[in-house]
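> Structure in structure tokens, see below.
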Amino acid sequence: MADEETIFQSQSETIGEIVLSDFLRHETRARTIGVMNPLAASSEDQLKVSGAPVVIGHDPKSDYVLPDDSVSRRHAQITPTKTGFIVEDLNSSNGTYVDGVPIVSCVLHGGDSVQVGKNLFLFDHILEYSRPQG
Amino acid sequence: MSDELLVTFWGTRGSIPTPGRLTEKYGGNTTCVEVRCGDELILFDAGSGIRELGSSLLDRFAGKPVNASLLFTHLHWDHIQGFPFFTCTYIPSNKFTIYGEERAAGGVKELLSGQMAGDYFPIQISAMQAELKFKTPSEEFQIGPVKIKTMQLPHPGGALGYRLEAGDSVFVFATDCELDSIALNKDEVAKNHLAPRRYEPAVLEFFKGAHLVVIDCQYTDQVYRQRVGWGHNSVATVVDLCEQVEPGMISLFHHDPQSNDEMVTQMVDDISRRLARKNLRVLAFGAREGLTVKATKPKPAPALIAAH
């Protein structure tokens, strides 16, 4: 990546999506995705949010399943928006907390702790790169 | 619950907009707070945060008329500067009832118009085609299901505090105030900043029973020593108030332009430690843009699951 020109295209409609280019005319795409890293949780999987909202819940049909009783069937949702990643509590029984504060909704920033029932995550943004085939 | 007060922060900064990476968590926009109670929409102040609120309302209402009340605490620049950028006021079908006190230089209408006069801004207030009604708030009044009380706050030029009650939900908005200046023992407090404050009973009554108090806490105790008389509280004053009225949650507000995110977080941590030492169950947090909370008794977060 060191010899690539940096950003020269405007952002697309997708949050944080930026088009990069290098001198070899290969097009590399980078987009910002939201990441919830489990610190103390009933799932060890990292939760990634990019294009679509992600529902967190006890229900096995949830986008991200937390299989413990402190989590409501549909507990919380993280949505990428033009103003950032927003976490919303879905009227859960045990609440959703950002940095210890019970929230209705909150725009997330890197380093925020997010508690879903008894599960604790650390939110951050990362850049994900891809280079289209062909 | 339709009678719960939902409070959203759109601008939390004091004095002047302070954008940049160092303030992105708590936000750099000046005062603007939205309160929803069912379909009722009550807005506080028109600092620069009201621009983004306007965009949000246009999205949420999707062409339907916006009907809201805009309550001004006072008319210092950082509380009115966003008004010309509040796009909802340019749309004919929208209606706003605007509350604010008369000032020496005029009423709310005159001062909002004045900052849009030709030498200051290219578009005059007459271009705002929404219906704008101007009112002076009384000590007690009601907007839909929300009962509202006001109290004069100690701030240069004056400011109004608002107490909102709806159902079991109680919210107090008290930005821009320097409570030490109205302490009955202010001379003692000036010598010993940690001394318990004594206030007129009406002051404490205004705050008592609130589930959420959003309060001016611009300064650390150290900075406050250099800012006495500027009209803003320090950490010690806020801790003392919490000890006397025990709100469910206290939200530090009107962040100093000199305070970056780390410094605001340190103030929150400092207050939280002091409250814990006093065995007070008051949840303290820094007001941050994009946060919505219920003004109800907060449930403690559940104990964490064992880490893997």
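The values are calculated or read from the model by the stated rules, or taken from the named source; none is laboratory data. This one's a predicted model, so the numbers in the text were calculated from it and none came from an experiment. Cβ coordinates were reconstructed from backbone atoms using ideal geometry, including for glycine residues, and neighbour counts include every protein chain displayed. Protein only, heavy atoms only, side chains kept; ligands, DNA and RNA dropped before computing areas. Shrake-Rupley method; radii C 1.70, N 1.55, O 1.52, S 1.80 Å.
> Among the listed pairs B:Lys25/B:Lys294; B:Lys149/B:Lys278; B:Lys149/B:Lys208; A:Lys61/A:Lys118; A:Lys82/B:Lys95; A:Lys61/B:Lys299, which have their C-alpha atoms separated by more than 18 angstrom in this model? Before the final figure, lay out each step's value.
Working: B:Lys25/B:Lys294 20 Å; B:Lys149/B:Lys278 30 Å; B:Lys149/B:Lys208 13 Å; A:Lys61/A:Lys118 20 Å; A:Lys82/B:Lys95 27 Å; A:Lys61/B:Lys299 28 Å.
Checking Cα-Cα distances, B:Lys25/B:Lys294; B:Lys149/B:Lys278; A:Lys61/A:Lys118; A:Lys82/B:Lys95; A:Lys61/B:Lys299 exceed 18 Å.
> Which ³J(HN,Hα) values in Hz, rounded to whole numbers, follow from the phi angles of region B:100-115 under the Karplus curve 6.51 cos²θ - 1.76 cosθ + 1.60, where θ = phi - 60° and Gly and Pro get x?
Couplings: x, 7, 5, 10, 4, 7, x, x, 4, 4, 5, 6, 5, 5, x, 6 Hz.
> To continue, here is another question. Add -39500 (n - 2.57) for each DSSP H run of 4 or more in the protein assembly as shown, then divide by its residues: what number comes out at 222 nm, to the nearest 500 deg cm²/dmol?
Values: 7 runs with 65 residues, N = 442.
When only DSSP H runs of four or more count, the value is -4000 deg cm²/dmol.
> Here is a further query. Averaged across B:3-15, how many Cβ atoms of other chains sit within 10 Å of each residue's Cβ atom? Working shown, then result.
Working: counts 0, 1, 0, 2, 1, 3, 2, 0, 0, 0, 0, 0, 0.
Rounded to a whole number, the mean comes out at 1.
> Quick one: which residues, 5+ away or cross-chain, put their amide H under 5 Å from the amide H of A:Asp112? H built at 1.01 Å from N.
It is A:Phe123, by chain and number.
> Something else: How far apart, in nanometres, would the label points at A:Asn91 and B:Gln124 be if each is projected 7 angstrom from Cα along the Cα-to-Cβ direction?
Result for the modelled spin labels: 5.0 nm.
> Let me ask another. To the nearest 100 Å², how much accessible surface do chains B and A hide from each other in total, with a 1.4 Å probe?
Working: alone 14650 and 8070 Å², together 20610 Å².
Counting protein atoms only, the buried area is about 2100 Å².
> Within 10 Å of each candidate Cβ there may be at most 10 other Cβ atoms; applying that plus a DSSP loop requirement, which chymotrypsin sites (Phe, Trp or Tyr not before Pro) in region A:42-134 survive? Before the final figure, lay out the partial values.
Details: sites: A:Tyr64, A:Phe85, A:Tyr97, A:Phe121, A:Phe123, A:Tyr129; in loops: none.
Nothing satisfies the criteria.
> Tell me, what % of the accessible area of region B:176-226 is carbon and sulfur with a 1.4 angstrom probe? Intermediate results must be reported in sequence, preceding the final value.
Values: 1320 of 2470 Å².
After summing per-atom areas, the C and S share lands at 53 percent.
> Could you pull out the longest piece of chain B with no exposed loop GluC sites (Glu not before Pro) in it, calling a site exposed if DSSP puts it outside H, G, I, E, B and it has at most 16 other Cβ atoms within 10 Å?
Details: sites that count: B:Glu102, B:Glu139.
By the stated rule (loop sites, at most 16 other Cβ atoms within 10 Å), B:140-308.
> Right, another one. In Å and whole numbers, how far do the C-alpha atoms of region B:112-237 stretch along each principal axis, longest first?
Result for region B:112-237: principal-axis Cα extents of 53, 42, 20 Å.
> By the gyration tensor of its Cα atoms, with a ≥ b ≥ c the square roots of the eigenvalues, what is the shape of region B:43-180: rounded for a/c under 1.5, prolate for a/b over b/c, or oblate?
oblate
> Report the Cα-based extents of the protein assembly as shown along its three principal axes, largest first, to the nearest Å.
72, 55, 43
> Could I ask something else about it? Using only Cα atoms, tell me the angle between helix B:261-277 and the longest principal axis of chain B; keep it within 0 to 90° and round to the nearest 10.
50
> How shielded is A:36-45 by partner chains, expressed as the average number of their Cβ atoms within 10 Å of its Cβ atoms?
Details: counts 0, 0, 3, 4, 5, 4, 3, 1, 1, 0.
Taking all residues of A:36-45 together, the mean is 2.
> Using only the Cα atoms of region B:6-305, build the gyration tensor, take square roots of its eigenvalues as a ≥ b ≥ c, and label the shape rounded, prolate or oblate: rounded if a/c is under 1.5, else prolate if a/b is larger than b/c, else oblate. Walk me through the numbers on the way to the answer.
Working: a/c = 1.60, a/b = 1.46, b/c = 1.10.
Here region B:6-305 falls in the prolate category.
> Amide H to amide H under 5 Å from B:Ala284: which residues, 5+ apart in sequence or cross-chain, H placed 1.01 Å off N in plane?
Hits under the 5 Å cutoff: B:Ile250.
> Sticking with this one: Mind checking which of B:Ala236, B:Ala276, B:Ala210 has the largest fluctuation in a GNM of chain B, springs on alpha carbons under 10 Å?
Of B:Ala236, B:Ala276, B:Ala210, the Gaussian network model singles out B:Ala276 as fluctuating most.
> Quick one: check the C-alpha center-to-center distance for region A:33-63 versus region B:138-168, whole angstrom.
41
> Based on the Cα gyration tensor of region B:175-258, what are the three equivalent ellipsoid semi-axes, each the root of five times an eigenvalue, rounded to whole Å and given largest first? Numbers along the way, then the final one.
Numbers: eigenvalues 70, 53, 20 Å².
Gyration-tensor ellipsoid for region B:175-258: 19, 16, 10 Å.
> Here is a follow-up. Over region B:82-169, what percent of the accessible surface lies on carbon and sulfur atoms, probe 1.4 Å? Before the final figure, lay out each step's value.
On the way: 2240 of 4350 Å².
The value for region B:82-169 is 51 percent carbon and sulfur by accessible area.
> For region B:246-308 and region B:1-35, write down the distance between their C-alpha centroids in whole Å.
Computed from Cα coordinates, the inter-centre distance equals 15 Å.
> Run the 1.4 Å probe and let me know the accessible area of B:His76, rounded to the nearest 10 Å².
Accessible area, nearest 10 Å²: 70 Å².
> Once the other residues with Cβ under 12 Å from the Cβ of A:Asn119 are scored (Lys, Arg +1; Asp, Glu -1), what is the net sum? Don't jump to the answer; show the numbers that get you there.
Values: positive: A:Lys118; negative: A:Glu44, A:Asp45, A:Asp68, A:Asp69.
Neighbour charge sum, excluding A:Asn119 itself: -3.
> Checking the a/c ratio against 1.5 first, then a/b against b/c, what shape does the Cα gyration tensor give for region B:1-80? Each step should come with its number before you reach the end.
Values: a/c = 1.83, a/b = 1.64, b/c = 1.12.
It comes out prolate by the Cα gyration axes.
> How large are Rg and Dmax for region A:24-84 when calculated on the C-alpha trace, in angstrom?
My reading of the Cα-based Rg and Dmax gives 14.5, 53 Å.
> Next question. Can you give the accessible area per residue of region B:1-84, in Å², using a 1.4 Å probe? Please report the intermediate quantities before stating the final value.
On the way: 3130 Å² over 84 residues.
I get 37 Å² per residue for region B:1-84.
> Could you tell me how many degrees, from 0 to 90 and to the nearest 10, lie between the Cα long axis of helix B:235-245 and the main elongation axis, the longest principal axis, of the Cα atoms of chain B?
90
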